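To start, the structure under review is shown below, and the notes come after it.
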């Protein structure tokens, strides 16, 4: 029986040269290799050196400190305005109220873009195994709602320094802020130890410039 004639219109029946088949196999091989490489990169990311992790961690802590630092300054500024009213250094209540109101606003993301940067801050991929996301939330929580609430209470204390509700809320907020900072710095100290570097921490002071009458009242 004679071989079947080749139908030139049917490409599936055309004879393929060996070189053509080799090229086709090479292309398929390259595509498969590329797919495998992508999978490896996604599932098994490149190992990061210890020095890179250390640098990323330090930069991460600096970013948090800078982002929350503006609110810390605003809190101290609000205390200062409150102190000047009650010490008699100034009698201009309108200016004092404006200062404290502006300071409160600066501890919100509506006014302070640094706080927005903080709440959306993600740890570098090299630090994924160290559970640092809660630290970001704790640093943000120190500023809002807690520091902002103290500044709101301070607006009440400008005219009513013995207001029990405001004093009680400030006392509670200070305790919460201390707890949040302790938790955050505890985790940062743990990671610092694992990374073999001196302990990194967030430095915040919730009582800087606090008026003496307020410090005594909240104990």
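Only one entry in 111, 136, 100 is buried (at least 21 other Cβ atoms within 10 Å of the Cβ) and more than 26 Å from residue 214 (Cα to Cα), namely 136. In this structure, residue 121 does not satisfy being part of a helix (DSSP H, G or I), modelled with pLDDT of 95 or more, crowded, with 17+ Cβ neighbours inside 10 Å and in contact with a helix residue (DSSP H, G or I) (Cβ under 6 Å, 6 or more places away or on another chain). When restricted to residues that are under 19 Å from residue 68 (Cβ atoms) and either part of a loop (DSSP other than H, G, I, E, B) or touching a residue at least 40 places away in the same chain (Cβ under 8 Å) (or both), the stretch 171-219 contains 21.
Here is a check on your reading of the model: is residue 167 part of a helix (DSSP H, G or I), buried (at least 21 other Cβ atoms within 10 Å of the Cβ) and in contact with a helix residue (DSSP H, G or I) (Cβ under 9 Å, 6 or more places away or on another chain)? No.
The values are calculated or read from the model by the stated rules, or taken from the named source; none is laboratory data. What you see is a predicted model; the values in this text were computed from it and never measured. Virtual Cβ from ideal backbone geometry, glycine too; neighbours counted across all protein chains shown.
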